[in-house]
Every structure is written in C-alpha cells, then in structure tokens.
C-alpha cells in the first residue's frame, strides 16, 4: 500500500484489540493506537488521545468510531460483537441497559452513517446489526483468524493422568455464562476439573468448589500452552460476535462444548467438532462433557476435525489478506 498509514484507535482489554494488534503485525503501515477504556466516559476527548490526523485510513470498532471521523480520511468500521438488541438486556446491568439504549446506540448509528465501509466478523453479527439498526448498506464479512503456527495441538494431554481438564476462557461475566460454571461443575464426574481464567479484564472469582480451579488472567502469548494442557473447551456463552477463544482452542485440537447461539455454530459443527447446547442448559453441558471425558478417541477425533476446519476457514493469513485487499481498494 505504498507505506500508507492506517490508524486503528481502540480501547484496551478486548478480543477486538487482540485482532487489531495481529493486523498491526502483518499489514504494512497498520498501527493500533490503544487507549484506556475509561476514556469512553467522555468520548468527545478520544480524538485528542489518538493520532488520527496523520492517518490515510482509520479502522476501528463501530461503537465509538464516529468520534474519529474526519471527512478527509476514509473510515472502516468493524462489528466485532453486537449487544444493543433486546435479547441482551437480561444479561446486562441496569447501567449498561441505559447506556446501550441511549448514547451508545446513537454513536453506533452515527458510525454506520459516516463509515466508508462496514465489516463484521461473522454472518450472525452482520445480520443482527443490520436487522436491529435497520442498516440497508452491504456489510462485508471477514472472519477473525488464528495463527495456526502459534496455536497448535500439543501431545495427548490426558495421557498419564486420570484428571480430565476442561478450560473456560473468558471474562467472568453473565454474557460469557460464567455464572453457570458452578452448577455445571456439580454435575460432572469426580475426575473432571474446570479450569477458568479471569479473562482480559483479570477480575472476579467463582465460589469455591472441588471441580473449579482458577488460573487467573493468562497473557495472550501464554494461551497456546494453556489450550495444549487441556482436554476440552467449555464455552457456555450468551453472545459471541465471533468466538476467538473457540477458534484458538479448535486450532489446538480441542473438542468444544458450547452454547448453540450467536456465531458459535459458524465455528463448531455439532457432533463433529464437539457439542452445542441450549443457552443455560447446565444439565446438557455437563452431560456432553462427561461423555467426552469417557473417550480419549472421541476427543482426539473431534479435535482433529476442529484443527482441519480452522486451517480451511479461520487462518490468520486469510484474515490479513482480506483486510489488506479491502484497505488497498479503499485507498486506491
């Protein structure tokens, strides 16, 4: 792109930030300008903290993109997730509900109107945003990608030990289904342990239970080793714009037990790469985990299927090339 400068102003501590940092590492001229999420309390100051004046193109998330808009600079927005619809009210605090229904909805609509191009990380997210905001413009779908040289299967993790390790990777929020983990753990066989992270925010802890083990906040660079030490990924989520942790675990050869909702079915093939359960059905989640725990062969078969699917559809190279082509088209 002839050293054209692409600036990506973005708040820290989200999956979107990780994805944009990957683009920074692989797209020439791409630069992430990270800022503290607390700046969004007064979003009119965001232009001050981001060097957008020297940009030839701006690429950011849809929520606060309007505050980086400059008539002279093309703007590309990406929906990494969508939480403004009525369904999410049951999984949001009262402050979040007010925020989503008023100012954030207004800011997102404004971004849609001012953007030169709109992308989304899954078909589900694109369709939901279109329907809920009444978007009539095309939304280009660019799936997130996983570095398949970095996220790779390890040796058979359960060989030589009786314990079956299940990983929950995410923030300990209702949206991730973390509040269901204790009830799921109670229904698991005694040799099964759920290891849970504290996500990118690094806060919170679940009630003590023999089947639950906290492992704290895990840096992104250490995640491949975490997946490789596990036998199954558990994702009882309520809403995923894409499901980056799911794709990473699949790349590491893990079977996945997840909610049958949002973008997850675009990643996980029920019965082939794992099991999909109704949202909040703790008995079904426990049943599927217990079933996988009993068969190392089934876990291996599903893990290999998942690795193959990631190599076909969700690679980092594919994601980078699609964004690069889009940026080149707009800049030309």
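Read the figures in this text as sums done on the coordinates, not as results from a lab. Source: prediction; values computed, not measured. Cβ: placed from backbone, ideal geometry, glycine included. Neighbour counts: every protein chain shown.
Side notes on the structure shown:
- Helix-only CD estimate at 222 nm, as mean residue ellipticity for the chain, using -39500 (n - 2.57) per DSSP H run (n ≥ 4): -10500 deg cm²/dmol
- Between the stretch 87-130 and the stretch 283-299, the Cα center-to-center distance that results, in Å: 36 Å
- The stretch 164-313: proportion of alpha-carbon pairs further apart than 20 angstrom, %: 40 percent
- Were the residues from residue 260 through residue 332 laid out at 0.36 nm apart, the gain over their Cα-Cα distance would be 21.8 nm.
- Inter-site label distance for residue 298 and residue 322 at 7 Å from Cα along Cβ, in nm: 3.2 nm
- Cα-based helix-to-principal-axis angle, 123-133 vs the chain, degrees rounded to 10: 50 degrees
- Debye log10 I(q)/I(0) at q = 0.14, 0.18, 0.23 Å⁻¹ for the stretch 1-123, Cα point scatterers: -0.59, -0.97, -1.53
- Extension gain for residue 283-residue 136 works out to 48.9 nm (0.36 nm per residue, less the C-alpha to C-alpha distance).
- Structural descriptor for the stretch 252-332: relative contact order 33 percent, calculated from alpha carbon pairs under 8 angstrom and at least 6 residues apart.
- When only Cα pairs below 8 angstrom with a gap of at least 6 residues are kept, the stretch 164-313 shows a relative contact order of 24 percent.
- Here, P(r) means the percent of Cα pairs in each 10 Å bin from 0 to the largest distance; for the stretch 82-233 it is 9, 27, 29, 23, 9, 1.
- Cα coordinate range in the chain, projected on the principal axes (Å, largest first): 61, 43, 33
- Near-label residues of the stretch 12-28 by backbone N, under 14 Å of a point 7 Å along Cα→Cβ of residue 36: 12-13
- Taking the chain as a Gaussian network of alpha-carbon nodes connected by springs under 10 Å, the highest mean-square fluctuation of the residues 318, 174, 137 belongs to 137.
- Where labels lie 7 Å past Cα in the beta-carbon direction, separation of residue 110 and residue 290 in nm: 5.3 nm
- For the chain, the relative contact order works out to 15 percent when only alpha carbon pairs closer than 8 Å and six or more residues apart are counted.
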